[in-house]
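For reference, the structure is listed below as structure tokens.
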Amino acid sequence: MADTDSLKETKDFCLDVPYRHEAFFVKGSTSLDWGMQNRLARIFNPVSGHTVMLAIDHGYFQGPTSGLERVDVNILPLVPYADAVMLTRGILRTTMPSSLGKGIVLRASGGPSILKELSNEQLALDMEDALRLNASAVAVQVFIGGEYETQSIHNLTRLVDAGNRCGVPVLGVTAVGKNMTRDARYFRLACRIAAELGAHFVKTYYVEEDFETVTASCPVPIVMAGGKKLPELDALAMAYKAVSEGAAGVDMGRNIFQSDAPEAMIQAVNKVVHEGMKPAEAHELFLTLRSEKK
Ligand code: R5P
């Protein structure tokens with residue numbers, strides 16, 4: 001029983017101070033429940049409002065991708081420089097230390113390998129397991145215009161329903177078929193559909209023309225997908241432009257782990273996304289860090 005002998009009289013009610021109320025900083029998330037917001041704040045940095053997500057989930061459809069052959073050797077040293085890691089539950093359980101201290105975005109869809117029709121995905125993760133793994137969010141591919149468009153949208157909506165029940169945000173990933181045009185018109189369509197159907201944030205590609213219309217017409221944050229490996233300066237410039245044009249950060253894989261100096265590259269990306277460092281300066285930083293490492 002609590003000791004009640006010398007209870008202090010309550011007196012300091014700060015009657016002249018309005019009760020503190022802070023609006024939540026992530027776009028489109030003000031009306032979400034506390035747990036959902038808390039999870040989003042593990043992904044988006046509350047100081048900059050942005051995120052550097054390190055995407056290493058490629059193995060779920062293409063096996064041991066170049067740069068991901070040994071996640072324990074090649075990826076773990078990069079994790080301290082990311083806000084969140086996007087990965088499968090297999091790699092999380094086998095390879096990531098549980099003391100990680102970073103946002104975890106779990107791949108929740110899958111099915112076909114690169115040998116088959118990629119849009120034929122189904123949900124590949126139960127929300128109960130996402131909770132067991134303390135995921136900060138779950139990610140699902142949407143194939144707008146793809147052969148299995150409707151099925152992929154149903155994957156998203158079922159995951160959003162499950163996520164809303166448990167307070168777990170859902171990342172909608174816009175996947176583009178090989179023969180589709182990657183332009184702002186397409187990405188406006190795909191991102192808006194994902195957000196309208198409940199995605200709490202959306203991952204999409206950068207386009208040179210009118211990218212700001214993609215971010216402006218999407219009511220939730222957009223994180224820029226990295227895509228195929230580019231020269232480092234080009235990748236840094238793409239990240240800079242995406243954030244300047246309204247993206248809330250990046251979710252980059254190959255442009256980081258396929259660099260010849262991944263640790264230097266992720267640090268340079270971090271400066272661009274969180275501090276608005278210009279691409280040329282960030283590239284200088286990359287070169288310096290790379291030569292120090294050598
Ligand atoms: C793409 O659809 C998956 O989410 C990828 O496995 C990954 O996230 C892509 O990252 P990046 O294009 O930057 O290598």
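Taken over region 206-258, the criterion of being more than 10 Å from the ligand (Cβ to nearest atom) and among the polar types (S, T, N, Q) is satisfied by 213, 215, 217, 244. Quick check, is residue 109 more than 29 Å from residue 275 (Cα to Cα), within 12 Å of the ligand (Cβ to nearest atom) and surrounded by 12 or more Cβ atoms within 10 Å (Cβ to Cβ)? Against the criterion (more than 29 Å from residue 275 (Cα to Cα), within 12 Å of the ligand (Cβ to nearest atom) and surrounded by 12 or more Cβ atoms within 10 Å (Cβ to Cβ)), residue 109 qualifies. Being of a type in the set (Ser, Thr, Tyr), more than 12 Å from the ligand (Cβ to nearest atom) and in contact with a strand residue (DSSP E or B) (Cβ under 7 Å, 6 or more places away or on another chain) is the requirement here; does residue 30 meet it? Taking the combined requirement at face value, the residue does not satisfy it. Each residue in region 238-293 was checked for being of a type in the set (S, T, N, Q), surrounded by 17 or more Cβ atoms within 10 Å (Cβ to Cβ) and over 18 Å from residue 173 (Cβ atoms), and 4 of them qualify.
For region 46-62, the set of residues classified as farther than 15 Å from residue 270 by Cβ and not charged (D, E, K, R) consists of 46, 56, 58, 59, 60, 61, 62, listed by residue number. In region 256-267, the residues that are more than 14 Å from residue 236 (Cβ to Cβ) form Cβ pairs under 8 Å with partners that are more than 12 Å from the ligand (Cβ to nearest atom) and assigned to a helix (DSSP H, G or I), at six or more places apart or across chains, as follows: 257/74; 257/78; 260/290; 263/77; 263/78; 263/81; 263/289; 263/293.
Counting only helices (runs of 4 or more DSSP H) that fall entirely inside region 81-178 and contain at least 3 residues that are touching a strand residue (DSSP E or B) at 6+ places or on another chain (Cβ under 6 Å), the qualifying elements are 149-166. Testing residue 241 on (1) farther than 22 Å from residue 50 by Cβ; (2) in contact (Cβ under 8 Å) with a residue 24 or more places away in the chain; (3) of a type in the set (Lys, Arg), one condition comes back false. Which one is that? Just one mismatch for residue 241, condition (1).
In region 91-105 there is at least one residue that is surrounded by 19 or more Cβ atoms within 10 Å (Cβ to Cβ), closer than 26 Å to residue 189 by Cα and either of a type in the set (Gly, Ala, Ser) or out of contact with any Cys (no Cβ under 9 Å at 6 or more places or on another chain) (or both).
Please verify whether region 50-60 includes one or more residues that are more than 16 Å from the ligand (Cβ to nearest atom) and touching a residue at least 24 places away in the same chain (Cβ under 8 Å). Within region 50-60 (the criterion being more than 16 Å from the ligand (Cβ to nearest atom) and touching a residue at least 24 places away in the same chain (Cβ under 8 Å)), the answer is yes, since at least one residue qualifies. Go through region 163-192 and give me each residue that's away from the ligand (no atom under 16 Å from the Cβ), farther than 19 Å from residue 217 by Cβ and surrounded by fewer than 20 Cβ atoms within 10 Å (Cβ to Cβ). Residues satisfying the conditions are 164, 165, 166, 167, 179.
Rule-based calculations on the coordinates, nothing more; no lab input. For clarity, every value in this text was computed on a predicted model and none was experimentally measured. Neighbour counts run over all protein chains shown; Cβ positions are idealised from the backbone, glycine included.
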